[in-house]
Amino acid sequence: MALGGLYKRLVVAGDTRTSTAAMKNAVMAGLEIAGAHGFDAGVAPTPTLAMAAADCDAGVMITASHNPPEYNGIKLVNPDGSAFSPAQQGKVEDIVAKGSLSAVNWMDFGESGNYRGAVERHVDRIIADFGGVYDIKVMVDCGCGAASVITPDLLKKMGCGVTHQYCYPRGYFPRATEPTEANLAELIKEVKKNGAALGIAHDGDADRMMAVDDKGNFIPGDKLMAIFANEAGAKDVVTTVDASMAIDECGFNVYRTPVGDNSVSWRLKESGDFGGEPSGSWVFPEISLCPDGIYAAARLVEIASRKRLSELVKDLPEYPLLRGSVPVVADMTVIEKEMEMLNPISVDTMDGIKLNFKDGWLLVRPSGTEPKMRLTAEAHTGKRAKELYETGQDIIKKAAMESVRAR
Ligand code: MG
């Protein structure tokens, strides 16, 4: 209802979760009651919905993205595919929090209907960029999420020999939906067994895409980012503060943002050729400001048809990188004071505290979703990365103890 009061025409889609249809029906009803028109695009990935939003004032996606199947949520996008800005989100949340929702008069109820052809439109847009025939073997794992309705068909249209697993829409996900190496053990096995040129995996709403190379090795996100940026001939690359320093050594102008694909997308709105987050969100601003796992899959297929992915991976710099968390809440000002005593060459406070050293870096930031502190360390040697990581751990624990004492 809040959205329906702010926007007139909205396209609505959802992923494959068991609760998605009920939530979508509720959203559609809210829009109508507020006098807005909702157009139901059915089951579709977030980037597909984002492309359909170009015809409307806003897009509404029912999904919990890469989170477990019992979760659900709402993502809001602008006609250019970018996520709602904090100001836009604030406006909606404010109306909900204040309960200042009002139904329109019976004569002014919105008229809802279907949005037809969202998937076809997305496919056509991608095919327009990749017109050739890409006769390579691809193994696809959609984890039964929203990509099931698009990625296998798209790649077949591109001429690929597609073998797939978990590419039917189903709300009981057969594997954990976040496309991490640990969650993709079956895909890795199948790529090796089938001798595929690559393996493609998505999360629940397919704004993310991760991949396995021709040798059956999971490609770390930091390397996939460099491959995309290199092959696109990108000059200006946007990524998050926690991405590997390897990207800085690939010859790009690198612009860092706070953690989160939204931040990357908002930065690309200003300028930049390509952006991404090592967790698997890739933004190609020429197609959309929404991270597009489907477009990324097509682009990687095009790359793999020319070069062996394992060869591309081999040529990229790689440094020992440790990511983890400490399950405590601590005062960031205390942490900052302690961290600055470590004599870094520079300190970055864009998102948490990042210390840069000549041979590595250390980042400490409070989790946005859980009561814990996240910690990332990377260095030229494994020994130094471990040392930085452990120093960070100690500082967090000490600060947490101090906050307990202060209370
Ligand atoms: Mg997602």
For the residue pair Ser100 and Glu120, what label-to-label distance in nm results when each label sits 7 Å from Cα along the Cα-to-beta-carbon direction? 4.3 nm
Over all distinct alpha-carbon pairs, what is the Kirkwood Rh of the stretch 80-148 in angstrom? 17.5 Å
Just to confirm a number: summing +1 for Lys and Arg and -1 for Asp and Glu over residues other than Ala64 whose beta-carbon lies under 9 angstrom from that of Ala64, what do you get? -2
Which residue fluctuates most in the GNM of the chain (Cα springs below 10 Å): Ala297, Ala87, Ala246? Ala87
Dipole axis of the chain (+1 Lys, Arg; -1 Asp, Glu on Cβ), positive-most option in Gly199, Thr151, Gly352: Gly199
Please find the FRET efficiency linking Glu270 to Asp55, where r is the Cβ-Cβ separation and R0 is fixed at 30 Å, and quote it to the nearest 0.05. 0.75
What is the ratio of the Cα radius of gyration of the stretch 147-247 to 2.2 N^0.38 Å, where N is its residue count, to two decimals? 1.14
Alpha carbon Rg of the stretch 313-355, scaled by the compact-globule rule 2.2 N^0.38 Å: 1.54
Calculate log10 I(q)/I(0) of the stretch 1-151 for q = 0.11, 0.16, 0.21 Å⁻¹, where I(q) comes from the Debye formula with a single equal point scatterer on each Cα and nothing for solvent. -0.45, -0.88, -1.37
May I ask you to work out the translational diffusion coefficient for the stretch 191-317 at 20 °C, viscosity 1.002 mPa s, via Stokes-Einstein with Rh from the Kirkwood sum over Cα pairs, reported in whole µm²/s? 149 µm²/s
Give the residue list of trypsin sites (Lys or Arg not before Pro) in the stretch 36-132 that are DSSP loop and have at most 15 other beta-carbon atoms within 10 angstrom. Arg116
Can you give the relative contact order of the stretch 75-202 as a percent, counting alpha carbon pairs under 8 Å and 6+ residues apart? 23 percent
Can you list which of the GluC sites (Glu not before Pro) found in the stretch 118-190 are DSSP loop residues with at most 16 other C-beta atoms within 10 Å? Glu181
Name all residues of the stretch 1-16 having a backbone nitrogen under 18 Å from the label point set 7 Å from the Cα of Ala22 along its Cα→Cβ direction, giving them as ranges. 14-16
Both in Å, the radius of gyration and Dmax of the C-alpha trace of the chain are 22.1, 70
May I ask you to order 192-200, 141-149, 58-66 by the average number of other C-beta atoms within 10 Å around their residues, highest value first? 141-149, 58-66, 192-200
Can you list the HN-Hα couplings for the stretch 71-85, worked out from phi with the Karplus curve (6.51, -1.76, 1.60; θ = phi - 60°), rounded to whole Hz and with x for Gly and Pro? 7, 8, x, 10, 10, 10, 10, 8, x, 8, x, 6, 5, 3, 6
The stretch 123-219: chymotrypsin sites (Phe, Trp or Tyr not before Pro) in DSSP coil with no more than 10 other Cβ atoms inside 10 Å: Tyr172
Stretchable slack from Ala182 to Val347, in nm (0.36 nm times residue separation minus alpha-carbon distance): 56.1 nm
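Rule-based calculations on the coordinates, nothing more; no lab input. A quick note: this is a predicted structure, and the numbers were derived from the prediction, not measured. Note that each Cβ is placed from the backbone with ideal geometry, even for glycine, and that neighbours are counted across all protein chains shown.
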